[in-house]
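Undergrad: Okay, here's the structure, questions in a sec.
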Amino acid sequence: MLYFFFGYVLGDLRVRANMSPFKRKRAGQDSVDFKPKKGKLVPDEGKGLEEVGREKEHEITVPAPISQGKWTNKERVLIFSSRGINFRTRHLMQDLRTMMPHAKADTKMDRKDKLFVINEVCEIKNCNKCLYFEAKKKQDLYMWISNSPHGPSAKFLVQNIHTLAELKLTGNCLKGSRPLLSFDPKFDKEPHYALLKELFIQTFSTPRYHPKSQPFVDHVFTFTIADNRIWFRNYQIIEEDGSLVEIGPRFVLNLMKIFQGSFGGPTLYENPDFRSPNMHRREMRLAAAAKVREKQMVKEMQKGKKTSAKEDLESDVTADVFLTPAEERPADIQTEAPELKVVKKKQKAFKRQRMQMARR
């Protein structure tokens, strides 16, 4: 499938290369005349009039180009975010605006406002598509892609973000050039992926003859489905044989829901494999706690084995051979307190009396 797209790119590049008047108009050097032109023949001094007349019979007329260079596709995309985003999200939005010359920017929206207010913002900015990045808990990033104001719209969880400045890849492309969109064959097999494909085509493709775009196709946007997620990559076409070099940025979209309206409405599709980031973090904490408990149990078992082995070594098996068993005595259980014994003390005479009795 990629080779088919590459053939289209190469054909488009060859057509663009021959359109030198169009390039001069884009550069501001010359104007373009879209009427058919005829080549003029100037007679040489050595040629006669008869030879010049024969050459005029074989004069070649240059036809006008098929397209008149009119900007008919008026797609405009509004790219902005809510408050509370981090630096990586801000750089990602800037990279998307750089790659999409038909994009517009706006100030950050307050998180207290309702999402349907974005439709009014798109109407004010004269945009019919919107990419809205919503940040939650300063660590989770959600992306809304919507066809304003009638819908449909889709909500994604954005993961594994890498920007142009962060990747430091060797690829590079002309700023404002039109991209080529490459989709995975799985997009045509399921209806919700087919709907997303149409949304991506209308949003990320640069309109032809856009005032801020360049008449070249030198990079490819790829949308690949793997692990129930959509992987976005941006590659540069460097050779005619179709060799690619990644430019960036790159990110992964995890589909949550598809709505019939713009930023709301009836739910057309809900991803059954989606897990919220809160649930994922909870499972990670429980897994870590279970791992710690398992380590503690292993330590206690090892400690019990060591103590039992030590007791076996200290005890002598032959020590009980010469011991005589004691007489068995019945174990009497006293339920009442024993009686007190009264001891009568003998009256002892004093010392003087004892001496008198001894004299007698």
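The values are calculated or read from the model by the stated rules, or taken from the named source; none is laboratory data. These numbers were taken from a predicted model, which means no experiment stands behind them. Here the Cβ is made from the backbone with ideal geometry for all residues, glycine too, and neighbour counts use every protein chain on show. Each accessible area value is taken on the protein alone, full model and side chains, heavy atoms only, with ligands, DNA and RNA left out. Shrake-Rupley method; radii C 1.70, N 1.55, O 1.52, S 1.80 Å.
Undergrad: If I compute solvent accessible area with a 1.4 Å probe over the protein chains, what percent of it on segment 77-280 is carbon and sulfur? Walk me through the numbers on the way to the answer.
TA: Numbers: 4770 of 9630 Å².
Looking at segment 77-280 in its full context, I get 50 percent from C and S.
Undergrad: Right, another one. Quick check: with the 1.4 Å probe, what order do 98, 72 take by accessible area, largest first? Walk me through the intermediate numbers first.
TA: Details: 98 55, 72 110 Å².
Putting 98, 72 in descending order of accessible area: 72, 98.
Undergrad: Return the inverse of the average 1/r over all pairs of distinct C-alpha atoms in segment 77-280, which is the Kirkwood hydrodynamic radius, in Å to one decimal. Don't jump to the answer; show the numbers that get you there.
TA: Values: mean 1/r = 0.0571 Å⁻¹.
Evaluated over segment 77-280, this radius sits at 17.5 Å.
Undergrad: A further question follows. Can you work out the accessible area per residue across segment 77-280, with the rest of the protein chains kept in place, probe 1.4 Å, in square angstrom? Display every interim value, and only then the final one.
TA: Values: 9630 Å² over 204 residues.
It amounts to 47 Å² per residue over segment 77-280.
Undergrad: Between their Cα atoms, which of 197/257; 108/257; 108/197; 138/175; 155/175; 129/186 are more than 21 Å away from each other?
TA: Numbers: 197/257 15 Å; 108/257 24 Å; 108/197 27 Å; 138/175 32 Å; 155/175 29 Å; 129/186 24 Å.
Over 21 Å Cα-Cα: 108/257; 108/197; 138/175; 155/175; 129/186.
Undergrad: Which order do the peptides 260-273, 78-91, 291-304 come out in when sorted by mean C-beta neighbours inside 10 angstrom, highest first?
TA: Numbers: 260-273: 14.1, 78-91: 16.8, 291-304: 9.9.
Per-residue mean Cβ counts within 10 Å order the peptides as 78-91, 260-273, 291-304.
Undergrad: Considering only the other residues whose Cβ falls under 14 Å of the Cβ of residue 104, what net charge follows from Lys and Arg at +1 and Asp and Glu at -1? It would help to have the intermediate numbers written out before the result.
TA: On the way: positive: 74, 76, 97, 125, 129, 212; negative: 75, 106, 123.
Here the count lands on +3.
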